[in-house]
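The values are calculated or read from the model by the stated rules, or taken from the named source; none is laboratory data. On a predicted model such as this, the values are computed, not experimentally measured, just so you know. Positions of Cβ are generated from backbone atoms using ideal geometry, with glycine treated the same way; all protein chains shown enter the neighbour counts.
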């Protein structure tokens, strides 16, 4: 581990990172250049390691083979959970977002089967709610896919599949870029092997038109570019 990486891991909170990384005497152009460079490096490191580890294809296989797929994350990580949920639910059945509102952790833990999988986003400072949910789900016999930023993260030792992302940044906030990229990669690999994915997407297109979800110009643009929301 480099000195730079050690320093990055020592800067635990956004407040710590702000004081170390943000300099008021820097121009907007200088800050932008530093951010872009750091994001490119974090994404490249993440993809390089994942290419050799086989963890993402392994996670995709677990998701495909599961009877029920649960996705969870707290705080900022809830945004990543929502992103992955949106992409997976478009092509797979029985995909559930554990958001603490529509679906409570207690409800999930009451009926865990060995054929169930829980995908959790657990990033520093590692929310206790996510750690407890992951541990209890694994104790109940379900599979646990952990997307995290460190092999020393609380849930790493018990993960069925561990996907590590590098979130080093030049900002006060850890980089979201590799995490979003992994969501995209994981959902694409899963969908590529999912039976009925094409049929489900075609049916969604039909229902989108019936429900009038998009403005007319937006609907035309969606058909030409493949964008969805």
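Just a few scattered comments:
- For region 75-104, a residue qualifies if it is touching a strand residue (DSSP E or B) at 6+ places or on another chain (Cβ under 6 Å) and either assigned to a helix (DSSP H, G or I) or farther than 19 Å from residue 60 by Cβ (or both), and the qualifying residues are 77, 80, 81, 84, 85, 88, 89, 98, 103.
- Residues in region 208-229 that are exposed (fewer than 10 other Cβ atoms within 10 Å of the Cβ) and at pLDDT 90 or above: 210, 211, 212.
- Matching residues, region 60-74, being crowded, with 17+ Cβ neighbours inside 10 Å and outside any strand (DSSP E or B): 60, 62, 63, 64, 66, 74
- Selection count where residues are assigned to a helix (DSSP H, G or I) and modelled with pLDDT of 70 or more, scope region 15-54: 27
- Candidates are the residues of region 105-119 that are touching a residue at least 12 places away in the same chain (Cβ under 8 Å) and not in a loop (DSSP other than H, G, I, E, B); the one that is nearest to the chain's Cα centre (by Cα) is 119.
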